[in-house]
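The values are calculated or read from the model by the stated rules, or taken from the named source; none is laboratory data. Computed from a predicted structure; not experimentally measured. Because the Cβ atoms are built from the backbone with ideal geometry, glycine has one as well, and the counts that use them run over all protein chains shown.
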Amino acid sequence: MIGEGHLVSTVPMPYDISEEKRDWYREVSARSRSRKAAARRGELCSGEVELNRPAFRPEVLMPERKHQGLCSLSLFSGGGGLDLGFERAGMHHVASYDVLDVCGETLKTNRPNWTVFSGAAGDVSATDFAEFAGEVDVVHGGPPCQPFSIAGKQGGGDDSRDMWPSFTRAIREIRPAAFVAENVPGLLGRRFDHYVQETIIKPLSRSYTIDAFRLSASAFGVPQERQRVFFVGFRSSAAARRHTVPKATHGDQDELFSAKCRTPGARAALGLENIGFDCFAPTLRSGFTGPRKTTSILNSKASQTVWRQLQIWPNGVQESREAALRFPPENGHFRLSVQDCGLLQGFPEKWQFKGAVYQVIGQIGNSVCPPVGYAIANSIVDALRA
Ligand SMILES: C[S@@+](CC[C@H](N)C(=O)[O-])C[C@H]1O[C@@H](n2cnc3c(N)ncnc32)[C@H](O)[C@@H]1O
């Protein structure tokens, strides 16, 4: 176990490192263990420091729309970012599918009345979706992005985790009026031109008019630098013509946006004291990325600098605000809890994630920011209902 404060993605494999470096890792690790024990004994917190009271309320960004007479099915549902956005936009939820049991637990905890298939029963690649044919207006999903992420090997279709063929098969079986699929921006890079044409566009373009575009989370009020790519398809060409890519509802300094519509910085969102500097949080890394069960949300060296400027510690995320307060990092920066990470991703505080910390930040970092999902869902509703 590597101690806190190390960039997981740049840590060399054990066989690459010198004895000197190995000793250094051992020392850091031992110090980290002893600080954790001291934190558990309550020795690191003076008692004068108060819990942060977040000012950011993502639910305000997603006013609930009344039911629109449309229903949606969710594939690769994860911790429910897209599901929540679609629900707030007034879509009736038909069912969710995810191969991880912990994702199913999260969804069932928050929405006991939803139909949720998880574990083996939630494996999209092993499910026949014909029973939903004609029963579903919209299918949405985020096939795993690791095969296309610049943080990975970018194996695309050669990566066994590639689930796009299962997604397009489900669409062909269900024949919904519209579909939405989400992924990392890397998928729209030239490297995957051929893949996108052959695996996504060709199998669906006979029945669907398809558009692909990028959205930025901060343009929808979420205090994080995060871009995602969306593929949207409509069976009816009239609905496709009516569809418009969601427009930014928020900005930072832009005069176009009133103070009410300015996306807050990460510190302001979390309710931290004014240190004379604030900005959006860097993209939160998913705890499911890579082989290690990481409790760090750090996704690059560049983002390390931004977190440092923000005086927020991105490693060793804790299971609660109380635990984070009891365990201040050595440099005195603010330590994050899973609740804080959920907020920086645009999940309302009420949304509960199940599982160990690495599984929670796995679900958070994998998710579509709910306000972005909401904007997409609204644009689909408007195109189908006009
Ligand atoms: C990018 S995440 C989706 C996040 C989700 N759209 C959200 O907004 O929260 C991809 C999900 O696909 C799931 N997954 C991977 N392989 C799967 C399979 N064969 N069947 C169902 N789900 C799968 C993963 O467990 C993960 O939760």
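Quick notes
- Within the stretch 360-386, the set of residues being near the ligand (Cβ under 10 Å from one of its atoms), part of a helix (DSSP H, G or I) and in contact with a Leu (Cβ under 8 Å, 6 or more places away or on another chain) comprises ILE364, GLY365, PRO370, VAL372, GLY373.
- Residue list for the stretch 223-255, restricted to those being farther than 16 Å from ARG206 by Cα and not in a loop (DSSP other than H, G, I, E, B): GLN224, GLN227, ARG228, VAL229, PHE230, ARG241, ARG242, GLY251
- Matching residues, the stretch 31-89, being surrounded by 24 or more Cβ atoms within 10 Å (Cβ to Cβ), assigned to a loop (DSSP other than H, G, I, E, B) and of a type in the set (Phe, Trp, Tyr): PHE76
- Sub-8 Å Cβ pairs linking a first residue in the stretch 114-132 that is within 20 Å of CYS71 (Cα to Cα) and among the β-branched types (Val, Ile, Thr) to a second residue that is modelled with pLDDT under 95 and near the ligand (Cβ under 8 Å from one of its atoms), at least 6 apart or interchain, are VAL124/MET163, ordered by first then second residue.
- Every test in (1) within 16 Å of the ligand (Cβ to nearest atom); (2) at positive phi is passed by PRO348 save one, and that test is (2).
- Single unsatisfied condition, GLY332 versus (1) surrounded by fewer than 19 Cβ atoms within 10 Å (Cβ to Cβ); (2) more than 14 Å from the ligand (Cβ to nearest atom); (3) touching a residue at least 24 places away in the same chain (Cβ under 8 Å): (3)
- For the stretch 103-127, the tally of residues that are crowded, with 21+ Cβ neighbours inside 10 Å, near the ligand (Cβ under 10 Å from one of its atoms) and among the hydrophobic types (A, V, I, L, M, F, W, C) stands at 2.
- Some residue of the stretch 273-292 being in contact with a Pro (Cβ under 6 Å, 6 or more places away or on another chain), closer than 20 Å to ALA181 by Cβ and either more than 16 Å from the ligand (Cβ to nearest atom) or in contact (Cβ under 8 Å) with a residue 40 or more places away in the chain (or both): no
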